[in-house]
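Trainee: The structure is given below, and queries will be raised subsequently.
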Amino acid sequence: MSDTHRLQTEVGKLREALREANYRYYVLDDPSLTDSDYDRLFQRLKQLETENPELISDDSPTQRVGSIPASGFTEVAHRQPMLSLDNAFSDEDLDAFLQRLTDRLGTPETLVFTAEPKLDGTAISLTYERGTLIQGLTRGDGETGEDITSNVRTINSIPLTLRGSAYPDILEIRGEIYMPRQAFEALNERQRAKGEKTFVNPRNAASGSLRQHDARITAQRQLEFCAYGTGFVEGGQIPSNQFECLLQLREWGVKVSHLLQKCDKLSELKAYHEHIGKERDGLSFDIDGVVFKVNDFGLQQKLGFVSRAPRWAIAYKFPAQEEVTRLLAIDFQVGRTGAVTPVARLEPVFVGGVTVSNATLHNLHEIQRLDARAGDQVVVRRAGDVIPQVVRVLTEKRQSDLPRTEIPENCPVCGSEVLMLEGEAVARCTGGMTCAAQRKESLKHFASRKAMDIEGLGEKLIETLVELDMVRSAGDLYRLEADQIAGLERMGRKSADNLLKALDKSRNTRLDRFVYALGIREVGEATAKNLVRHFSTLEAIMEADEESLLAVPDIGPIVAGHIVHFFRQPDNLGIINDLRDLGVHWPSPRSESEEETASALDGKTFVITGTLPDLSRDDIKARLETLGAKVTGSVSKKTDYLLAGEAAGSKLEKARTLGVAILGPEHLESLLEGVIPV
Ligand code: IVH
């Protein structure tokens, strides 16, 4: 084989592997490569293409992001108009839709429908010519859209080439481009940090991102695509109904909703609406309803359209995720690290399926940016598990006499000065542990499940203990006496005894839990674990300077600064000593010689599933990790051992299929001693 040939073969294989990985990840939702393996292949391909530019082709996975900003978007007529949908808001509306179908077709019982989620993004038309993506158009006014091909190409879930070969010569695919909630929150967070305009919702963020003249910006916005139909087709066949058509698109490598269903019975339509309504909050993206479509394309044609909407489809909407209500007041709350955050008190409003009366305004800058004033009409958004937010103030509706919101100069709880540090969007109370609010929040964090895990020491109880000045620092918790606790409201002898037992139990902890419990700014569980893995002892962590902290995975200069600062505060050192004097302890690290003999787990990959006696999966994970093992969430060919407890399910089956070694609860003890049972 000549060198050129060998090179071409490698480049071809790399591209194929990357396309396949994308397909597995985006379309099948079943990743085949880890991120780092993907990056490795991608970098290799990039390197070969840089060294041999003649091998670059437009459909190479490396060629998604162009670098020349478009000066404007060309208007292009759609070959077939892009329509919209009629809406139903109640079961009665849905019945009326079905009645209209019956009037035209008769026998609704035999009608088959598809049920799909109604994604809340922006409609797009993608044209593939002989399997290659050649054009992406916005919906525009339905007749004419804008050519945003260079932006569309940056979206990883849109294939640059279709899979297989049996697709029509020209295939127009239609679907929705949307921004997953996490990407949206992260984008707004970045915008806020830069003091730039935030987006009201993921839909606006998606369409704004698509209309960027510089595709490199679009590429950073983590947009996704999901197909819901086809448009113009020439030179080939597509299936004769919606359901099979979407499955066919999936075969061709295009993402189709995993919530797609065929409904043979009318009763299934309402059940689907109800079911998806319940799932809605847990999805990673916004949906605003479900769409029912008559499945058979022949019947669709027979039914036709009324004005801009087809008679054969209906969008059955969910409660809106944005509503307008009145802002009654803005309160300021003080968190664990002293951050003063504004909270909007609202006239109760039904939004996103629940009644909301409090919402976040993010930070003090945001109040100024939004110019929110008590008495204003505001847009409240609630989607998924995210806290309801005030996203817009209807300043145009304001009565002229509303006073501006003053940013507090003093802490509303302790009266200490509130400072806004340079470069930080957050204002902080400077009271430290003299501030009751910070004390309460620090103690809540200290007692929480992933920290010291003090069962029965809930938020209300901590608040009472601080308010009555029975507890000022974490150490005071361990000095509480049964009589004192039993005397508190809603506590009795028994709950007092239980709390003391729980406190006692928590004395025996793990170092990473303890470090996390200290509540150092931006030191979460993962960072605490990394610190312990790197330094082994509390003394070493306390003595570490910024430079040595930077050697710990995931620790950057800011976090390193917080850690050093924390351990320089005499108050914090006092709290740590106090806790150790009160008997809080953790296992000492293994010596080097022990480590050598205990290296059997080193570098081995484990998956833990099912219920194991005594220890939680989290705890076992942490202990195995300190022994050098890697613990991952899903079984693959790379898994060395599956540790399966009671009621292990699909992971156990997968491990069996892949021939992964399986260990049971009886092996746990020796594993934790660093020995792999044979
Ligand atoms: S079908 C003729 N299916 O909703 C049929 N649309 O309100 C036209 N949408 O512009 C569209 N999810 O952007 C269809 N599963 C889905 C959809 C969907 C979201 C959007 C689409 C359309 C708008 C109409």
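Trainee: Nearest 20 debye, what's the magnitude of the dipole of the range 529-678 about its Cα centre given +1 on Lys and Arg Cβ and -1 on Asp and Glu Cβ?
Mentor: About 900 debye.
Trainee: Let me ask something else. Name the residues whose placed amide hydrogens come within less than 5 Å of the amide hydrogen of K118, ignoring near sequence neighbours (fewer than 5 apart) on the same chain.
Mentor: D288, G289, V290, V291
Trainee: With every atom except the alpha carbons ignored, what do you get for Rg and Dmax of the chain, in angstroms?
Mentor: Answer for the chain, Rg first and Dmax second: 29.6, 88 Å.
Trainee: Can I ask one more? If I take R0 = 25 Å and measure r between the Cβ atoms of N204 and D30 in this structure, what FRET efficiency does the formula 1/(1 + (r/R0)^6) give, to the nearest 0.05?
Mentor: E between N204 and D30, to the nearest 0.05, is 0.20.
Trainee: Now for a different question. Between the alpha-carbon centers of the range 505-548 and the range 259-284, tell me the distance in whole angstrom.
Mentor: One Cα centre to the other: 46 Å.
Trainee: Let me ask something additional. Taking the Cα centroid of the range 302-318 and of the range 348-385, what is the distance between the two, rounded to the nearest whole Å?
Mentor: Result: 34 Å between the Cα centres.
Trainee: Could you state the accessible area per residue of the chain in Å², with a 1.4 Å probe and every protein chain left in place?
Mentor: Value returned for the chain: 50 Å² of accessible area per residue.
Trainee: Could you tell me how many degrees, from 0 to 90 and to the nearest 10, lie between the Cα long axis of helix 266-279 and the main elongation axis, the longest principal axis, of the Cα atoms of the chain?
Mentor: 40
Trainee: Shifting gears a bit: On average, how much area does the Cα convex hull of the range 467-509 cover when viewed from any direction, in nm²?
Mentor: 3.1
Trainee: Report, to the nearest whole %, how much of the accessible area of the chain belongs to carbon and sulfur atoms, 1.4 Å probe, protein only.
Mentor: 48
Trainee: Below 16 Å, Cα to Cα, which lysines can K262 reach? Residues fewer than 8 away in the same chain don't count.
Mentor: Correct list for K262: K118, K270, K293.
Trainee: With Kirkwood's inverse mean 1/r over C-alpha pairs for Rh, give me the Rg to Rh ratio of the range 256-366, two decimals please.
Mentor: For the range 256-366, the value is 1.17.
Trainee: Using a Förster radius of 25 Å, what is the FRET efficiency between N52 and I217 based on their Cβ-Cβ separation? Nearest 0.05, please.
Mentor: It comes to 0.30.
Trainee: Near K494, which lysines are there with a Cα under 21 Å away, not counting those fewer than 8 places off in the same chain?
Mentor: Correct list for K494: K460, K505.
Trainee: For the chain, which cysteines have no disulfide-compatible partner, meaning no other cysteine Cβ under 4.7 Å?
Mentor: C226, C245, C263
Trainee: Pairs of Cα atoms under 8 Å, at least six residues apart: use those to get the relative contact order of the range 624-675, whole percent.
Mentor: With pairs under 8 Å counted, the relative contact order is 37 percent.
Trainee: Mean separation of Cα pairs under 8 Å and 6+ residues apart, divided by the residue count of the chain: what relative contact order is that in percent?
Mentor: Relative contact order here is 8 percent.
Trainee: Something else about it: Kindly express, to the nearest 10 degrees and within the range 0 to 90, the angle between helix 91-105's C-alpha long axis and the longest C-alpha principal axis of the chain.
Mentor: 20
Trainee: Between H5 and I68, what is the label-point separation in nm under the 7 Å Cα-to-beta-carbon projection?
Mentor: Simple spin-label model gives 3.6 nm for this pair.
Trainee: Bin width 10 Å, origin at 0, all Cα-Cα pairs of the range 200-333: what percent of pairs per bin?
Mentor: Taking every Cα pair in the range 200-333, the percentages come to 9, 28, 34, 21, 6, 2, 0.
Trainee: Follow-up question, since we're still on this one. Please say if the range 428-495 is rounded, prolate or oblate, where rounded means a/c under 1.5 for a ≥ b ≥ c the square roots of the C-alpha gyration tensor eigenvalues, and otherwise the choice is prolate for a/b larger than b/c and oblate otherwise?
Mentor: Prolate, because a/c is 1.5 or more and a/b exceeds b/c.
Trainee: Could you size up the charge dipole of the range 39-157 around its Cα centre, putting +1 on the beta carbon of Lys and Arg and -1 on that of Asp and Glu, and report it in debye to the nearest 20?
Mentor: Roughly 540 debye for the range 39-157.
Trainee: Calculate I(q)/I(0) for the range 420-557 by the Debye formula, one identical point scatterer on each C-alpha and no solvent, and give its log10 at q = 0.11, 0.14, 0.15, 0.22 Å⁻¹ to two decimals.
Mentor: -0.49, -0.75, -0.83, -1.30
Trainee: Mind checking the angle between helix 35-51 and the chain's longest principal axis? C-alpha axes, 0 to 90 degrees, to the nearest 10.
Mentor: On a 0 to 90 degree scale, this one is about 60.
Trainee: Express in % the proportion of alpha carbon pairs of the range 333-429 at distances exceeding 16 Å.
Mentor: In whole percent, the long-distance tail amounts to 59.
Trainee: To continue, here is another question. Could you give the size of the charge dipole of the chain about its Cα centre, using +1 on the Cβ of each K and R and -1 on the Cβ of each D and E, expressed in debye and rounded to the nearest 20?
Mentor: Charge dipole of the chain: 900 debye, to the nearest 20.
Trainee: Could I ask something else about it? Find how much the distance from K278 to L394 grows on full extension, using 0.36 nm per residue of separation minus their present alpha carbon separation; answer in nm with one decimal.
Mentor: 38.7 nm
Trainee: Still on this structure, I have one more. Among the listed pairs K444/K630; K450/K630; K621/K651; K317/K397, which are separated by more than 22 Å between their Cα atoms?
Mentor: From the list (K444/K630; K450/K630; K621/K651; K317/K397), the Cα-Cα distance tops 22 Å for K444/K630; K317/K397.
Trainee: If each DSSP helix of 4+ residues adds -39,500 (n - 2.57) and the sum is divided by the residues in the chain, what number results at 222 nm, nearest 500 deg cm²/dmol?
Mentor: -10500 deg cm²/dmol
Trainee: Excluding residues on the same chain fewer than 8 positions from K654, give the aspartates and glutamates whose Cα lies under 18 Å from its Cα.
Mentor: Straight-line reach from K654, under 18 Å: D29, D30, D640, E646.
Trainee: Next question, about the same structure. With contacts defined as alpha carbon pairs under 8 Å and 6 or more residues apart, what's the relative contact order of the range 516-656 in percent?
Mentor: 19
Trainee: Continuing with the same structure: For the range 1-117, what D do you get in µm² per second when you plug the Kirkwood radius from alpha-carbon pairs into Stokes-Einstein at 25 °C and 0.890 mPa s?
Mentor: D = 124 µm²/s.
The values are calculated or read from the model by the stated rules, or taken from the named source; none is laboratory data. Since the model is a prediction, treat every value here as computed from it, not as a measurement. Methodologically, a virtual Cβ is constructed for each residue, glycine included, from the backbone with ideal geometry; neighbour enumeration extends over all protein chains shown. Ligands, DNA and RNA are excluded from the accessible area calculation, which covers all protein heavy atoms including side chains. Shrake-Rupley method; radii C 1.70, N 1.55, O 1.52, S 1.80 Å.
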